Structure formats: structure tokens, C-alpha cells
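Here is the structure we will look at.
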Amino acid sequence: MARISGHPKQWPEGQGQRVCVVGAGPSGLTTTKTLIEAGLQVDCFEASPDIGGHWVLGNPNGRSSAYRSLRTNTTKRMSRFSDYEMPEHWSEFPACEKVREWLNLYVDHFGFRHAIRTKTEVISAVPREGGGWQLVLNGPDGWYTSDYDALIAASGSYWDPQIPDWPGTFSGKMIHAQEYLDPETPHQLNGLDVVIVGIGNTGCELACEIAKAGAGTVCLSARSGTWILPKTINGVAAAEGVPLTHPTDEVPSELACLAEEDREAFLAQRASQTIKQAHSERMRRFEHLGLPPAPEHPLLKRPTISQDILACLESGHVIAKPAITRLDRDAVVFAPDERVRADVIICATGYKLSYPYLSQDVADTRENDLTLFCGIVPPDRDDLFFVGVSRPTGAFWPIAEAQAKFVAALLTEGYSLPPAREIERRARPMLNRLALNPGLYGLSLREELERGRRRVLEGEELP
């Protein structure tokens, strides 16, 4: 294992720091740009011919989960990079093709397209003895190997479908939401009886869209509840005026002075109270319509954002159902024993956290999570970094940018990791936790960077 805790990384004399970024979605792009600006030699590998990852509709790499009507659930302000905003005249919640356009504009504005190797898949990344990585790649000219001093895994967490394994057989069509593009693709749904499983953002959006497009019936199945919040209130973004929705937001001094865990607990409690006061009556309506009760703490699970699902349920265009217990030829059986005919099942049941180019002893994702120091560094390596693994109350992209700045500081010797024991103690799961607040996370990274800069200056020795 490569670990040089308490000291800045030492690179071989006369050699540059060669860094590999896997993935050219939003996380990989902002990481590539940030590391190049820090003076590092960077290659970004993307299996697709296109950049944008999840936001490329029908991405040839087969890993996009975008559908034709997809829009962001976070506002332009929440979604922006620190030095590159979305155009003022764009919709507050830009459509999929606009996000893709913005990402391409970002690449060209900062001039780093030359560092992106499209149509090149990372087949495997194997640790070298003494640190660094040997990559096996498959590009336009075939397979080859290349060595790097550090690897940034930014290949996304929304591409490897997770499909429930129900007992029984089903004679209709069953797909994961990743395959869905619109009510006619990949299957014509007009007049059909459709069951959608899952009440996250995608499940709720697809249920509304398919019902409005003329499906025979649309049942929305959920095994557990979650808080479902509106995207807008009286035509204004519901997040308008909400503090600490971006990693660069200034944290009030009375909150910043608290210990990290204390301020997280305080803000989570305050946010929970605010959400309950504003939306408890709405949640009672969902429960009355047949959805499972939401957890007591609204941030125990990342809340669903849906503007239309309540109206669709109340009008009867979408019917709430409990968990599926089994499949029965041309029907599904809901708990405890309700048999309902179905032509199509769409599983909006999320994704497995997967890094197929890393072995499980390097990136153990069997619990569908990663335990990381500062949300970035695995406890046993200092040449591997995960960017974009988070469950925030805001947007993913600016969090990835903040993580990339942390990595850049470490790789350019402006930051030194703490001793191994401290890294182990402070490492935390990134997904199975209360939803992460972007503002507090940004502050925590800045504080740790300052501590690491002092360690560099003081030449701190390991105990």
C-alpha cells in the first residue's frame, strides 16, 4: 500500500507528476481542469466519444441514466462551478441537453479538451509496488498500458443498475429506469399497465410523465418512505434563499466556531425542523394516498424533489402501492397479497457503486459505499482519490470541484495528510449517512487544507 502520512508526497527527481482521471462527466471534467491549473500532467480517460457522462442522452458508452425530459433538481446557483456559472437567461433548472452544452462550454473556456482521451476505456488499474498505478486501456488504436503516479476515480455512481430480485416469473417487459428515454422508448407505453418501483426523483418523474402520456394505469411502488419536496413554490425555486447550498458559501461565525460534528448535528436539526414546519402537512397527504410513512428525520435519506407527483396521486393518474412481494406471470403482487395486472415494470431502484477497473481489495464497494477521509482519500492509500461520491442536500458538481482542489493541494505538496491513525479515525462512509450539507463540507475541506499546510511548513514527523 502507498501511504506517506504526515509528509508531502515525494515525486521522483526529474519526473513530472503524471495523474490519471477516470471519467469525463462533471466530476471528471472539473477534476481535470483543476489539476491542470495546479501544474500537473493529467490524462482524463472517457469510454464514450462524448464528454458529459450522465448528461449525454443515449450515451454510446451505455452508462447514461438520462431521459429526454430530464432537468436538474438543483438551481443554477447551486449547480455552478466556483469560476463558471450557467448563463443567466437559461431556465432555473436546465434541461439535460443544456447541461451537456454547458459542460462543453466549460471545457473550451478553460482550454483543456486536449487532456481528454475519449473512446478510451480503463480496463484495469493495478497498484505498482512502491506507489502509483499501471493502467490497461482500450482506445481507438487498441489495448495498451500506461503508468501514473496517482489515480482519481471520477467515473460516477449512477451507471451500474440495481435491480430487485423478486421471486416468481413475469411475462411482460421489465427494464431499469436507465433504459428509459421517453414514453415511446424503449417501449410504447400508451394504453399499457405500468408499475414503477421506487420513489426517488426518477421514479416520481417517470410516473408522472408516463401517466400524462396515456398509459392505461400507472402504479408507483415503494417499500419505504422518504420526504418528497416540491421543486418550486409559487413559481419560485424552493431552494431560493436557503443558506449553505454551495461549498463556497460563507458559514456564519457562530456555526463555524463549533466542532465539525457539532455544527453538522446543529444544522441537520435546524434543517429538519424547517422542512417539517413547511412540509409535514404535504407528507401527511402522501401517506393518506398510500405511500409509506417518511422517516422522522427528513435528511435520513436524501429527499426526493418532485413538483407533480402529489397532484398525479391525488387525481388518480398515479396509484401508490406498497412493496412488491413476488411476480406472477402477467401481474405483480404487492404486500400483503394484492395481485395487479402489469404489462411493464420499470425499476427506478438506484445504482450500485462500482469501479470495475479497481479490484475489491482496493475499492471495497460490497456495502454500496466507501469509507473515505474528507470524502476523498481511502485510509490505506495516498495515490488514489475518489471524486464525486457524495449524498448532498445540494448539487454534486461543485462538491466534486472542492474535492478536486483538495487533491491538487496534496499532489503539488501544498498539503500534507495527517498521521495514519488520525486518517483512520476520521474516515467516514459517504453514502450511508445523513445527507451532506455543501456549505459545511466546503468549510471542513478548507479547514483541513489549512491544517495540512501547517504540517508542510512545520515538517511534522510521524509519531
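The table below gives the values:
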| item | result |
| --- | --- |
| Inverse mean reciprocal Cα-Cα distance (Kirkwood Rh) of segment 214-286, Å | 15.4 |
| Relative contact order (%) - segment 256-328, alpha-carbon pairs under 8 angstrom, separation at least six | 29 |
| Positive-end extreme of charge dipole, the chain - chosen from THR274, TRP133, VAL107 (charges on Cβ) | THR274 |
| Percentage relative contact order, the chain, counting C-alpha pairs under 8 Å, at least six apart | 23 |
| Top positive-direction residue, dipole computed over the chain with Cβ charges, set SER69, PRO87, ALA294 | ALA294 |
| Protein accessible area in segment 239-329, 1.4 Å probe - carbon and sulfur % | 53 |
| Segment 159-202, accessible surface, carbon-and-sulfur percent (1.4 angstrom probe) | 49 |
| Segment 95-240, accessible area per residue, ligands and nucleic acids excluded (1.4 Å, Å²) | 46 |
| The chain - Kirkwood radius from inverse mean 1/r over Cα pairs (Å) | 23.4 |
| Over segment 251-291: Rg over Rh, Cα atoms, Kirkwood Rh | 1.25 |
| Candidates per trypsin sites (Lys or Arg not before Pro) in segment 367-456, loop by DSSP, up to 16 other Cβ within 10 Å | ARG433 |
| Translational diffusion of segment 252-408, µm² s⁻¹ [Kirkwood Rh, Cα pairs; Stokes-Einstein; 4 °C; 1.567 mPa s] | 66 |
| Helix 96-110 axis, angle to the chain major axis (alpha carbon atoms, nearest 10°) | 10 |
| Separation in nanometres of the label points that stand 7 Å from Cα toward Cβ, at ASP361 and GLU450 | 4.1 |
| FRET E, pair THR169, GLU458, Förster distance 41 Å, beta-carbon r, rounded to 0.05 | 0.05 |
| Compactness of segment 178-239 - radius of gyration and Dmax, Cα, Å | 13.2, 37 |
| FRET efficiency, ARG428 to SER315 (Cβ-Cβ, R0 41 Å, nearest 0.05) | 0.45 |
| Gained length - HIS89 relative to ARG341, 0.36 nm times residue gap less alpha-carbon distance | 86.1 nm |
| Expected-Rg normalisation [2.2 N^0.38 Å, Cα atoms] applied to segment 86-187 | 1.56 |
| Residue-averaged [θ]222 nm for the chain, counting only DSSP H segments that reach four residues, each worth -39500 (n - 2.57) | -8500 deg cm²/dmol |
| Per residue accessible area in Å² of segment 268-348, where ligands, DNA and RNA are left out and the probe is 1.4 Å | 50 |
| ³J(HN,Hα), Karplus 6.51/-1.76/1.60, whole Hz, each residue of segment 49-62, x for Gly, Pro | x, 10, 8, x, x, 3, 8, 9, 4, x, 3, x, 6, x |
| Charge dipole magnitude, Cβ of K and R +1, D and E -1 - segment 94-242, Cα centre, debye nearest 20 | 200 |
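The values are calculated or read from the model by the stated rules, or taken from the named source; none is laboratory data. Model, not experiment: these values are computed from the prediction. Quick reminder, even Gly has a Cβ in these numbers, built from the backbone with ideal geometry, and neighbours come from all protein chains shown. We work out accessible area using only protein heavy atoms, side chains counted, and drop any ligands, DNA or RNA first. Shrake-Rupley method; radii C 1.70, N 1.55, O 1.52, S 1.80 Å.
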